[in-house]
Amino acid sequence: MNRYLRALCVLCVWSLSSCAPATPTPPRADPILVTVDPNSTATPTPFQPAPVTDTLIPSATSIPTDTPLPTATITSTPLPTGTLTPAPAIPPASPVPVIARTKYTMYVNLDYAAKTVAVNETIQYLNTTGQSLDNVVMAVEPNLWSNCFTLTALTEDGIALTNYSLDGQRLTIYPPQSIQPGAVTTFTISYGIAIPAKQYENTFGYLGYQINLTDWYPFIVPYSGGWVLHDPWSFGEHLIYDAADYEVNVKVSDPKVIIAASGAPEAVQDWTRYTVSGARTFALSASDRFKIAESAVGSAVIRSYYFAGDEDPGQAVLWMATQSLGLYGVKFAPYPYPVLNVVETETPDGQEFDGLVFLAEKFYSDYNGTAKSDLIAIGTHEIAHQWWFGLVGNDQAMEPWLDEAMSVYSERIFYEYNYPKYGDWWWNFRVNYFGPSGYVDTSVYNGGTFRLYTNAVYLNGANFLDDLRTRVGDEAFFAFLQDYATRFAHGRATGYDFFAVLRLHTDKDFSDIMKTYFQTTY
Ligand SMILES: [Zn+2]
């Protein structure tokens, strides 16, 4: 089946819900895709290894050293206060706002019972493209659902814009004057969202006890010789994001509702203001039933949001998140955000956003009290995405291995440092069981079935990174990871960048490994 038919097939599935996506944008002419079996059903997740009893691991429960996870300490202590420094001198007035990167400021009224949000959004857009721009493209993901997104006003620098088009997820704005390189222009957008019922495969939408807002606001897509906005696909992620600064002010109709969000909260009059810098996404989850466990690493506050009955896994998640943040903060780069929230929701596996990740309810209900569990393995995977997706961005559709293979292999590093005796278990449970094969540099569009795609990108990607590490040695491997994370912090990297930085750290020949795993010659 070609890609267009496949997209229609996806539409059939989506349209079963009460708030189904509108007809998708016709597919782009390229890339050419391989034929996909129309009757193939994607395995729901790359992260659903068969139950332990079905795997090839005979000793998963018989190793005497299996120990329950330690109970994470709940701290309610306030963060240590930093040394007070004198206020800086006020800079001279400037005719143009000086910003380091694009900033999103939002005022969000969430009516929890009505399942609606009304938003006033301001985007101070900094043109870093080096080009004079005649148009600007925003992604508006809620517009992929019917009757979900309503645009009520659009301005640029205070003047109403009338020359724009909204087609599927693509909002194209034609400003009266082109935007010069280095210039800042301010867009305001007012809109409402009728939140759709959440489908199992997605995080966006409402459940009876939870509302998740993910990829929910218009954002300016990256520019790389043209605006980069790929078509949705039946699996994997298609969006690419530039890092931006966020100030999101939220008011909720119901005072019992608790919100987990990508930024650090503060009360500002009757709003709660969340701020985060250099993030790609701003997600939030609201529920009147959340229970919370909290810890911290350095200045980063870590919270586990879970539901009644899931106290033990909720605490285990907190412990896992605390260990992960501490370890990756040393092995990769300091954690880039002020908060890390791990939120339970109904979904097949996990999903990463900056400062907030979701984990599947069934991981909580299936939790066996040990680290030999999806809850811990996939939990640390989603947290690793804070570095490989969040800090270092990439084209998730065309080069998904850059964040997915790296996050799978980060799981291996997590177990290596926390549970060195679980190494064989992890390789068998997460990788070898599936018999991974295929080119690591496969895109979401040409991977064939979901299983084949994840076998190539995620799992063979982990094999590649392990072979690479063995070849270059631990010292060079981890020096490379740190350098790569630092050089591309809040930027975007490609496969070429990956290997260019790697070559700075080793003289070893790894061309045979590259030939084995990659179709691209980097
Ligand atoms: Zn992932």
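The values are calculated or read from the model by the stated rules, or taken from the named source; none is laboratory data. Predicted, not measured: the structure shown is a model, and the values here were computed from it. Counting neighbours? That spans all protein chains shown, and the Cβs are built from the backbone with ideal geometry, glycine included. Calculation scope for accessible area: heavy atoms of the full protein, side chains included, ligands and nucleic acids excluded. Shrake-Rupley method; radii C 1.70, N 1.55, O 1.52, S 1.80 Å.
Can you order the peptides 417-426, 463-472 by their average number of other Cβ atoms within 10 Å per residue, highest first?
463-472, 417-426
If a/c stays under 1.5 just call it rounded; otherwise compare a/b with b/c (prolate if a/b is bigger, oblate if not). Do that for segment 186-235, with a ≥ b ≥ c from the square roots of the Cα gyration tensor eigenvalues.
Oblate shape, in that a/c is at least 1.5 and b/c is the bigger or equal ratio.
Starting with the highest mean, order 507-519, 169-181, 360-372 by the number of other Cβ atoms within 10 Å, averaged over the residues of each peptide.
Packing proxy ranking, top to bottom: 360-372, 169-181, 507-519.
First measure r as the distance between the Cβ atoms of D167 and Q131, then evaluate 1/(1 + (r/R0)^6) with R0 = 25 Å and state the FRET efficiency to the nearest 0.05.
Computed FRET efficiency for D167 and Q131 comes out at 0.65.
Excluding ligands, DNA and RNA, what is the solvent-accessible area per residue of segment 426-521 at a probe of 1.4 Å, expressed in Å²?
41 Å²
Treating cross-link reach as a plain straight distance, find the aspartates and glutamates whose alpha-carbon is under 16 Å from the alpha-carbon of K251, omitting any fewer than eight places away in the same chain.
The reachable aspartates and glutamates, counting only those whose Cα sits under 16 Å from K251, are D111, E121, E266, D270, D288.
Using a Förster distance of 41 angstrom, determine the FRET efficiency expected from the C-beta separation of D424 and A100, and round it to 0.05.
Given R0 = 41 Å and the Cβ-Cβ separation, E is 0.30.
If r is the Cβ-Cβ distance from D270 to T150 and R0 is 25 Å, what FRET efficiency results, to the nearest 0.05?
Efficiency, rounded to the nearest 0.05: 0.50.
Convex hull volume of the Cα atoms in segment 241-303, per residue, in Å³?
Residue-normalised Cα hull volume stands at 97 Å³.
Relative to the present Cα-Cα distance, how much length would full extension add between R503 and D288 at 0.36 nm per residue of separation?
Roughly 72.3 nm would be gained on extension.
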